[in-house]
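Each remark here refers to the structure printed beneath this line.
No lab work stands behind these numbers, since they all come straight from the coordinates. This one's a predicted model, so the numbers in the text were calculated from it and none came from an experiment. Neighbour counts are summed over all protein chains in view; Cβ atoms, including those assigned to glycine, are modelled from backbone coordinates with ideal geometry.
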Amino acid sequence: MHRYVKKSLVLLALTMAVTACSNNNTPPTGTEKPAGGATAEPTAAATEKPEETYKITGATYIFGNPPPKDGRGQQMLNEKFNVDYFAEKIPNDNFVEKITAMVAGGNMPDQISFRAANIDLFNRWAKQNAFLPLNDYIEEFDYLKEIPDELWLPFTVDGKIYGIPTWSPVESQSFMVRKDWLDNLGLEVPTSYEELKEVAIAFTNGDPDKNGQNDTYGLAIGQNINPTFSMGPYWQHDTWYHQDAEGNFLPGLISDGRKELIQFFSDLYAEKALTSDFAVVNWADTNNEFYSGKAGAFLIAVRGMSQDYMKTLLEINPGAEFVVLEPFAAPDGSQGFSAGQGYGRMLALNAKLADNPDKVRKMLEIHGFSRNYYQASKNSSDNEDFDWFYGNEGTGYTLDKNNTRVPLNEPAAGVEPFLYFLDSTAWISADDDAEYPRAYSEPKLIEATQQLVDINKKYKLYYPPHVGIISPAEIEFGPELTQMLMNEQTKMITGNRPISDWDAMVTEYMDRGGKKIIEEYNAEIKARGYSDRIWK
Ligand SMILES: [Ca+2]
C-alpha cells in the first residue's frame with residue numbers, strides 16, 4: 001500500500017515535469033530556460049523534496065569518433081533532465097572486448113546499448129541475471145507500451161524482459177524488374193516463379209533492350225546464392241517457416257521451399273538466364289550486373305539503396321523503368337514477405353538498479369525522449385523538442401528548401417544534444433510514415449521505393465519465431481554447416497550435383513550438428529510461447 005502511494009506520487013510528479021518540459025510556450029515565470037525546469041514548483045510540493053540529480057552512466061558503440069566529453073550538447077542534456085549523464089561511446093572495433101571486461105569485472109554501467117549482432121552476449125548476461133527485468137516499467141511508459149509484442153520476444157528470458165529494442169525497419173525487401181524490357185517484349189509482370197522463369201529466359205534470348213545484340217539476361221545473382229529471390233518466407237533460406245511432422249520449426253535452408261527455389265535457379269542456369277559465373281561473383285560485381293544494364297531483375301530494399309548505382313544505370317539506359325514484384329502465392333496458400341528483424345540495437349539496464357526505481361524511471365524518461373520521431377517533411381524549429389535535440393536552428397542546424405535538416409557542425413564539435421544520448425534512433429511506429437523515398441533525389445529510385453512501401457502495406461508480414469535465438473550448437477556448428485549447404489546448393493544449380501541428392505544433403509546437415517541446432521532452437525521457441533505462425 002505504502003509503496004503504491006509513493007509510486008503514484010512519483011508518477012504524477014513525473015507527468016507534471018514532462019508537461020513542464022514540453023509546453024514551453026507558456027512559461028509562467030518568464031525565465032529563459034523553462035526546459036531546464038525538471039524540478040518545477042508543483043513537483044517539489046507533491047514529493048516534499050526536490051528531485052535528486054542522478055548520476056547515470058552508460059556504454060554503447062560508435063562508428064567514427066565520439067563527441068568531446070563536455071560539449072555544449074552534453075551540458076544541455078544534463079540541464080534539461082537534471083542529471084549527470086554520461087554515455088561512453090566505444091569505437092565499434094573494441095566494443096565487445098570492452099563491455100565484456102566491464103560486465104565480467106562487475107563494473108557494468110547503469111545501461112548498455114548493444115548492437116543487434118551482440119545478441120549472444122546479451123542472452124548470456126541476461127541468463128546470468130546481469131540485467132534488470134523491465135516488465136513492470138513497460139506498463140508505466142507510453143513509448144514502451146507502443147512496442148509490439150513480437151519485438152519483445154528476442155529479449156525475453158523465462159518471461160522476463162531484459163532489453164528494449166531500437167527501431168529498424170520491418171518492411172521486407174523485394175525484387176525489381178526492368179519494366180521497359182517487359183514492355184518491349186509484350187510480357188506481363190510475373191506473379192509466380194513459372195512466370196518469372198519465362199521472363200528471365202525472354203530477357204536472355206529476346207533482345208529486350210532492342211539494340212540488336214545478344215547482351216542481356218534475366219536475374220543478377222552472386223556467390224552464396226545472393227540475393228535470394230525469395231518471394232515469401234516459404235522459399236526464404238534465412239528464416240524459420242517450415243515445420244516438421246512434430247511441429248518443430250526448421251531452417252529455411254533445408255526446407256522444401258528452398259529445394260523448389262534451387263530447382264528454379266538450376267533451370268535458369270541451364271538457359272543462361274542468370275549470372276553465369278555467379279558462384280564466384282562478389283556483391284559489388286553482382287550489383288554491377290544489374291546497374292550496367294545487363295541483367296533484368298535485382299534486389300530492392302526500402303532503404304540503403306545506392307543512388308549512384310541507379311544514376312549509372314540511367315546514364316547507360318535512360319529509358320529504364322522498374323516494377324517491383326509483389327510476393328508470390330506459395331503452395332501452402334500463404335502470400336506475403338517476412339518481416340525484417342525490427343531492431344537495430346537493444347538497451348539493457350544494470351540489475352543493481354532494482355533498488356532504485358526512481359532512477360530507472362529517470363533513465364527511461366531520457367531514453368523515451370531520445371526516441372521521438374520527427375518526420376522529415378514536417379521539420380520545424382517551432383517544434384521545441386526537435387529544435388533542442390538538434391542544437392537549435394542557426395547554431396546546430398539549418399533547414400534547406402526541402403525542409404531537410406542540415407547540420408552546421410561536425411559531431412566532434414559536440415554542439416548538439418542528440419550526440420550525447422546513449423541512443424538517438426527514433427522509434428517509427430506502424431502508424432508513422434517513415435518517408436523512405438525522401439532519402440533519394442533520383443525520381444525513378446523514389447518511385448521504385450514507393451512501390452515497395454506500398455507492397456509492404458498491402459500484404460501481411462510473417463514474423464518468424466527464431467529471431468534473436470543463438471543456440472550453443474549454432475555457435476559451434478552453424479557457420480560451417482551453412483557454408484556446406486550453400487556450396488552443395490550452388491553445385492546443384494550449376495549441375496555439378498543432382499537435385500535428387502537433396503535428402504542426402506539434409507541428412508548430412510542433420511548428422512553434423514543440424515539436428516542439435518533444430519532441437520535447441522525449438523526449445524527456445526516453445527519457451528517463448530511461439531506456436532502458430534505470426535502474420536500481421
Ligand atoms: Ca540486346
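Measure nothing fancy, just the Cα-based angle from helix 193-205's long axis to the longest principal axis of the chain, in degrees from 0 to 90, nearest 10. Rounded to the nearest ten degrees, it is 60. How high is the relative contact order of region 210-285, given as a whole-number percent (alpha carbon pairs under 8 Å, six or more residues apart)? Relative CO of region 210-285 lands at 39 percent. Using bins of 5 Å that start at zero, the share of Cα-Cα pairs per bin across region 259-338 amounts to 3, 11, 18, 21, 20, 16, 8, 2, 0, in whole %.
Volume of the convex hull of region 178-302 (Cα atoms only), normalised per residue: 111 Å³. Annotation: the residues Trp535, Trp181, Trp152, sorted from fewest to most other C-beta atoms within 10 Å of their own C-beta, follow the order Trp535, Trp152, Trp181.
Compared with the dominant principal axis of the Cα atoms in the chain, helix 2-22 is inclined by about 80°. Looking at region 126-231, the trypsin sites (Lys or Arg not before Pro) that sit in a DSSP loop and have at most 13 other Cβ atoms within 10 Å of their own Cβ are Lys210. Looking at region 374-428, the trypsin sites (Lys or Arg not before Pro) that sit in a DSSP loop and have at most 13 other Cβ atoms within 10 Å of their own Cβ are Lys401. Less than 12 Å Cβ to Cβ from Asn129, Lys/Arg counted +1 and Asp/Glu -1: what total charge do the surrounding residues give? Net charge around Asn129: +3. Per DSSP helix of 4 or more residues, -39500 (n - 2.57); summed, then divided by the residues of the chain. What does that give at 222 nm, rounded to the nearest 500? The helix-only estimate for the chain comes to -11500 deg cm²/dmol at 222 nm. The magnitude of the dipole of the chain, with charges of +1 and -1 set on the Cβ of Lys/Arg and Asp/Glu and taken from the Cα centre, is near 1160 debye. Evaluated on region 318-408, the Kirkwood hydrodynamic radius is 18.2 Å, with distances taken between all distinct Cα atoms. Near Gly296, within a Cβ-to-Cβ distance under 11 Å, what is the net charge of the other residues, with Lys and Arg +1 and Asp and Glu -1? My count for the surroundings of Gly296 gives 0. Taking Cα atoms only, the orientation of helix 92-104 departs from the longest principal axis of the chain by about 60 degrees. Across the chain, the volume of the C-alpha convex hull divided among the residues equals 165 Å³ per residue. Look at the alpha carbon pairs under 8 Å that are at least 6 residues apart: their mean separation over the length of the chain gives a relative contact order of 19 percent. Summing +1 for each Lys or Arg and -1 for each Asp or Glu among the other residues whose beta-carbon sits under 13 angstrom from that of Phe477 gives -4. In region 322-400, taking the dipole from charged Cβ atoms about the Cα centre, the farthest positive-side position among Ser381, Val323, Met346 is held by Met346.
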